[in-house]
Structure formats: structure tokens, C-alpha cells
Amino acid sequence: MAGTIAEALYGAQSVYSSAEEARAAAAALAATGACLLCVLRFMGVPLGPAYQAEAAAEVHEALGIPVPAGDGGSDTQEQQQQQQQCCPACLDILHHSLADEVADRYRAQEFDAEDAVIGVDLPKSVYVRQRAMEVFCAASSAVRKSAAVGVKDALKHVVGQRLAATCGIAIDNSDSQMRIEIALAHAETADDHRPFLPAPQQDSRPPGAPRSKAKAKADRARDHEPNLAAVVGELAACSDADFRARFPCPPRAAAGRARIGSLELRRASLFVGGRYLKLERNISQTPFIVDGQRLVELSVAEIIGEPLRALTRSDAYNLVGSGREDADVRMLGAGRPFYVECINPRTTRLAPDQIREVERALARSASPVQTRRLQLIAPADTAVIKEGEEHKSKHYCALVWLAQPLSEARVAEINAAARHGLLLQQMTPVRVLHRRAPLTRPKRLLALEIAHIEGHFYRVRIESEAGAYIKEFVHGDLGRTTPSLASLAGTTADILELDVENVSLDFPPP
């Protein structure tokens, strides 16, 4: 490693042709109070072995700059309690303790990711101080002109090296399912950018005169905290001389290190698809909670989703079905296609048998909700569920009560009339008007067959296209669905039980 580091400091990779030149530049930069990594950054040393914590002593020796107290190891308790001055360039964002904290918090979550993308949100003051150091370097006779490494890139490198060493993950900043988002804060320098903001315009209006809309909008914009892009733009437009007049170059040291304001560990969702059967009534598809009160005790989503959440160690989950049946309707036959989105899963390396074990466990427990063909699916496969809502057909079986029993001849007439299907005009049902737009939708019944059981009771089998309201077709919904079974039979009809027997959608993938 020694040869590699020397090459980066004053070899072919460096703008410094000798150790003496490199040491002179390092001394000038270190005199500003800059930390070792900021010395390397502004010397233009490319990211690599020289930035590793293990190389700190070697780099200090090679550049001839002293090792600060507490650097390269854990701070003593006295040093931790003491408000120390931090690096004026990076605000100690590049200190090893920050990388250690990220690695420790990542390791505690036990993600099984092989790689990750690191995102960094820096305080505005870091951009100001970066520019201040660049202005200082441009005026220094010892520091050669070079492209300084940005704090953001340096932090990604340092944190990435720490994660690789302690957690065994590679950092792939182009394509990864795992994201590590680090937002940093430093309250003591929060106003560093303000000297570069446009000066507020003097209000020339007479007292009490109304402002124009444009002026009012501009005033509100100035009153709000400017975004980062605006600050960076102002810094870029500022000449070196103008910058020096507004901000010290080099920047002054600040008390207290930058801290992690938030650390978000976010992984792409994992998707599990299959078909579910609902063998009992009074089970909603998703939790049925109104004003904090649970109206239905069980839900399909929780019965299937909770074991998957535990298996994948996810933060949460969403169940998405190809349509949904009411809580009092059973789902039989081959089941309804669905998928569960496991949100921010810690465990994704799952064998097919681990997923099938969830299915087997539901069967062993005689759960009222069962699954079929449960399996991991690709994110793209979930589109079938949404697309199928418009094209699938469904088969129903209903137990219906008619106020006036029908003759065999009348039953035969209705069956014959519906042999080739019926075109319904369905207004939005009364029971869903509170959440659906009041529209009239044409829906087609593909098949209808009525069979007499006894007395006033009939078994009605229906095949319909997606989106038809079957309960409303039976009783007519106060005349809002035409024709209806009630209108065809010429009597009042009521639906007592309804089962979905088939959803004709090819899902999940074979």
C-alpha cells in the first residue's frame, strides 16, 4: 500500500512532483485547521487507499503533518465531553466516528443486501466552506491548482469502505436495491450561506398600499429558507474577490461536529404473489377500520401479510388483489389472484420452500384464509393484477330469495333470455356513493342460470365481466341497475349469500 499512497501523494497520479512540494501544500492546508482527509481533498488526491482510516498514520508521516490528539482511534471520555473545534472545511463530516455510526446502525438492522447505494444530503454551510477553501487554495503559493474532491464523494467513499470492512457489502452507486440516505446537520454554521443571498428589496409603497401579486409572491419566497440549488447557484456566480469580501478564506473553525440528522435505510420492496381463498364470511380483504374502530375482526391482508412480514422482516406490507369481494362474500374455487408488497425487507434471499411454508402453515392452522401457488414474483409481474381488472371475468354463485316463487316455465324463459348474456346499465350503487363518483356504467353479464331449490329460494349462477355489482343486479338497487334479476322475475329479490367461484386471470406466473 505504501507505494500506492506515495504515488497518489506525489507521484504520477499527483500534481506534486516531489515529496517536498506535497509536504509544503499539506502544511499550508493543515495550518487552516483542516482534517487529514480535507488536506488530501484539496491537494487533489484521488479517492483511494490514502483515505482509509488504517492509512492515516502513514499519510501523516508521508506529508510531514502531526497526528491530532484522538485521531485514528476512539476519543477518550474527556475528549467526547469537551466541545472541540471541528475541521473548518468538512465540519468533521469525514471523521471516522461518523462512518462508524453509519456502519453500526446499518449492521444493527441486519439487512442481507450484497451491495448498496449511498446518498448524502449536506448542510448548506459545507458548500460555502468548500468554496472558501477553494478560494484560499487559489491564492496559496504552496497549493497547486487541482480539482478538489467534494465532501459528498469523499464521505460516500469513507462510509463505503467502512461498510465493506464491517458489514461485507459493496457500494454500487449506479444500481442497487439498497439505499443508505444520510442527511447531515450542523446547527452552529446554519447561517453561513446568508451573506450570499440576494438583499431584500426596499418597499417603496406608501403606507397601507396593497402589494401586487407578483411582489407578494417574491416577498414570500425571500421569507422562506432558500433551497440548496439556489445557494449553490449564488456561490457559483460569486467571484473570488467578492467571496472573500463576504466570507473568511480559509473558513474559521466551528464548535461541535456535524451530526447525522437522519439516516434512512431503505430497500426496494419484495413481492410475493399467489391466489387466496376465503372460506368463511365476515372477513374483509384489507383491515376495515372507520374512525379508529375495527368493524370486521379479520382481514385477508393481515392473515397472509403478517407471516410474510415476519419472514422478510419488513417494515410493513400491502396486499393488492385482482378486485375484491365484500366482507360477507366467500372466495372459493382456485382463489383470487393477489400479491403482497413487503416494504423495506431485511431478508430477501429466500428459497421457494420458505415461501411455501407460509402456505403450509396456514393450511395446518385451518385458517379461514388459504393460499395457492404462493411464490416470489418480479416487480414487473404485479402489472398483471392491475391490467386484469379490465379484462378478467368472474363466476359467482348466489343464494337468492324471491318474494313470489317462479314457475318452471318462467325460470326457463329467464335462462333462455340470458343464454347469450345481458347488458346492464348500472348506476353507482347507493352503498358506495360516499366513495365513488355517481356514474352510469355499462356492464355485461356473460352467462346467467337460475335453479329452483325450494319454496322462495333459488340458486343463481352468474358469469360477469370485471366491475359488475352482483348484489345490485339481483335486487335492482332501487331501480339503479337495469335490467335486474328482480325486474326479470317481476318480483322483489334479495340476495342471502354470495360466493365467488372463479376469477379467470392467469396469475401468478407459472
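Values quoted throughout were computed directly from the atomic coordinates according to the rules given, and no laboratory measurement underlies them. Not measured: the values here are computed from a predicted model. Because the Cβ atoms are built from the backbone with ideal geometry, glycine has one as well, and the counts that use them run over all protein chains shown.
In debye, nearest 20: dipole of the stretch 269-388 around its Cα centre with unit charges on the Cβ of K, R (+) and D, E (-)?
The dipole magnitude comes to about 380 debye.
Please work out how much length the chain gains when fully extended from residue 431 to residue 107, using 0.36 nm per residue of separation minus the C-alpha to C-alpha distance, in nm with one decimal.
Here the segment from residue 431 to residue 107 would lengthen by 111.6 nm.
Highest-first packing order for the peptide set 403-413, 20-30 is 20-30, 403-413, based on the mean count of other beta carbon atoms within 10 Å. A protection proxy built from the mean count of other Cβ atoms within 10 Å ranks the segments 253-260, 500-507, most packed first, as 500-507, 253-260. Full extension of the segment from residue 423 to residue 372, taken as 0.36 nm per residue of separation minus the current Cα-Cα distance, would add 15.0 nm. Each label point was placed 7 Å from the Cα along the Cα-to-Cβ direction; for residue 409 and residue 280 their separation is 4.8 nm. Which of the listed residues, 138, 337, 427, is farthest toward the dipole's positive end in the chain, when Lys, Arg count +1 and Asp, Glu count -1 at the beta-carbon? Result: 427, furthest along the dipole toward the positive end.
Modelled spin labels at residue 496 and residue 236, positioned 7 Å past Cα toward Cβ, are 7.5 nm from each other.
By the gyration tensor of its Cα atoms, with a ≥ b ≥ c the square roots of the eigenvalues, what is the shape of the stretch 269-388: rounded for a/c under 1.5, prolate for a/b over b/c, or oblate? Rounded is the answer for the stretch 269-388, as its axis ratio a/c remains below 1.5. Put a plus charge on the Cβ of each Lys and Arg, a minus charge on the Cβ of each Asp and Glu, and nothing anywhere else: the dipole of the chain about its Cα centre is then about 1520 debye. Measuring r between the beta carbons of residue 315 and residue 191 and using R0 = 25 Å, the FRET efficiency lands at 0.10.
Extending 7 Å from Cα along the Cβ direction at residue 293 and again at residue 346 yields two label points whose distance is 3.8 nm.
Residue ranges 331-343, 268-280 sort as 331-343, 268-280 when ordered by packing (mean number of other C-beta atoms within 10 Å per residue, highest first). In the stretch 347-489 the Cα-Cα distances spread across 10 Å bins starting at 0 as 10, 29, 25, 20, 13, 3, 0 percent of all pairs.
When Rg and the Kirkwood Rh are both derived from Cα coordinates, the Rg/Rh ratio for the chain amounts to 1.19. Shown for 371, 189: other C-beta atoms within 10 Å of each C-beta, ranked fewest to most, produce the order 189, 371. Charge tally around residue 359: other residues with Cβ under 11 Å, Lys/Arg +1 each, Asp/Glu -1 each, net +4.
Between residue 142 and residue 482, full extension at 0.36 nm per residue minus the direct alpha carbon distance yields a gain of 113.5 nm.
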